[in-house]
1. If you scan the stretch 132-149, which residues turn out to be farther than 26 Å from residue 38 by Cβ and surrounded by 13 or more Cβ atoms within 10 Å (Cβ to Cβ)?
2. Which of the numbered conditions does residue 84 fail, given that it passes all the others? Conditions: (1) assigned to a loop (DSSP other than H, G, I, E, B); (2) modelled with pLDDT of 90 or more; (3) surrounded by fewer than 20 Cβ atoms within 10 Å (Cβ to Cβ); (4) within 13 Å of the chain's Cα centre (by Cα).
3. Filter the stretch 97-141 down to the residues that are assigned to a loop (DSSP other than H, G, I, E, B) and touching a helix residue (DSSP H, G or I) at 6+ places or on another chain (Cβ under 6 Å) and list them by number.
């Protein structure tokens, strides 16, 4: 796998779903069943494309201004963390596909039995209080560059 300019080009996709959904302090979470190296593709997010921004569940992944991806398990249960160990990366869609494949990729080494988390980086208008427990917690689930725009009580 190689990462170029924010897109993923998969040369040899040999990953397996070495993850499982378990109970955690936030409800359910996704946990590694083995050590995962930085840069490794953990899996492809599968799910339903939703074409109504007013009907998208909170845990959808935005694909563009209108469309979202409503993920299926296991990646439906990826929790937010202000200091994540994974991220979503999309590849370039081909001519037959309007939407890119969305991958979960490790951005640091992940230990066996460690929870896999991503930074949701929501826009400020969707910000909610964060309970990730990270020492780097921003206090809000919001894009890092928009934290200063959060007005408590909104």
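1. Residues of the stretch 132-149 that are farther than 26 Å from residue 38 by Cβ, as a first pass: 139-140, 146, 148-149.
Passing the criteria: 139, 140, 146, 149.
2. For residue 84, the failing item is (3).
3. Residues of the stretch 97-141 that are assigned to a loop (DSSP other than H, G, I, E, B), as a first pass: 97-101, 107-109, 111-114, 119-123, 127, 130-139.
Selection gives 138 alone.
The values are calculated or read from the model by the stated rules, or taken from the named source; none is laboratory data. Source: prediction; values computed, not measured. Every residue, glycine as well, gets a Cβ built from its backbone with ideal geometry; the counts of neighbours run over all protein chains shown.
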